[in-house]
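Read the structure below first, then the notes.
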Amino acid sequence: MRRDAYLAAVSATALMAAGTAFAQDEFQKPGASIMAPEPEQNGNGLSPVSPDAEYRSVPVPDRVRIVNALGVPDDALNPYHQSTLKGDRPVFDDWYVVVGAITDTLYEARTVPIPVNTVVANQQEGNDQFGKPRQTFFTQTLIPTFSIIKGDTTFKPPEFEFTVTPAISFTHLGVEELGVVDI
């Protein structure tokens with residue numbers, strides 16, 4: 001116990017001695033004014049602009065020409081890089097193409113008790129209340145999108161846009177009992 005108290009006192013004294021030099025420079029008494037440092041006089045610095053000065057705008061090339069000047073390659077298959085198929089660059093002049101696709105897949109295998117249909121029962125082995133319970137369900141939906149856009153849409157809406165978005169769907173339900181699905 002005495003040893004811990006001794007170590008705590010020695011470390012506190014060492015911290016106080018080390019921090020004394022910094023405390024005089026960094027901390028001030030409450031209520032004392034803080035003086036701002038004097039600005040350094042630099043002979044190479046710029047003089048401030050007068051309020052009456054005229055401002056000129058300098059034309060800057062559009063984003064497509066900047067990207068081409070930087071040498072960014074066109075990678076059509078990588079979704080994280082610049083691509084003509086994503087509409088990052090024009091196909092020609094101010095015409096852009098955007099191609100995309102969404103796919104949705106669902107497969108479900110389940111076991112559900114199904115009552116026996118007396119009219120279409122095909123079981124010869126007995127007189128059961130429930131038929132074969134296994135079912136499978138599969139559905140696939142593909143939604144491609146194709147857009148043609150005219151105009152540089154960085155700061156304004158497009159001048160012309162034509163979009164086609166079809167949806168193609170395939171569904172299959174497999175059951176082992178007759179009379180479950182009415183088509």
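Each residue of region 149-163 was assigned a 3J(HN,Hα) from its phi angle through the Karplus expression (A = 6.51, B = -1.76, C = 1.60, θ = phi - 60°), giving 10, 10, x, 7, 8, 5, 10, 8, x, x, 6, 8, 9, 10, 10 Hz with x at Gly and Pro. Compute the distance in nm between two label points, each set 7 Å from the Cα along the Cα-to-Cβ direction, one at His172 and one at Lys132. Here the modelled spin labels are 1.6 nm apart. Once the C-beta distance of Ile143 and Asp62 is scaled by a Förster radius of 41 Å, the resulting FRET efficiency is 0.85 to the nearest 0.05.
Each value in this text was obtained by applying a stated rule to the coordinates, not by laboratory testing. None of these values were measured; they are calculated from a predicted model. Using ideal geometry, Cβ is built from the backbone for each residue, glycine included, and neighbour counts are taken over all protein chains shown.
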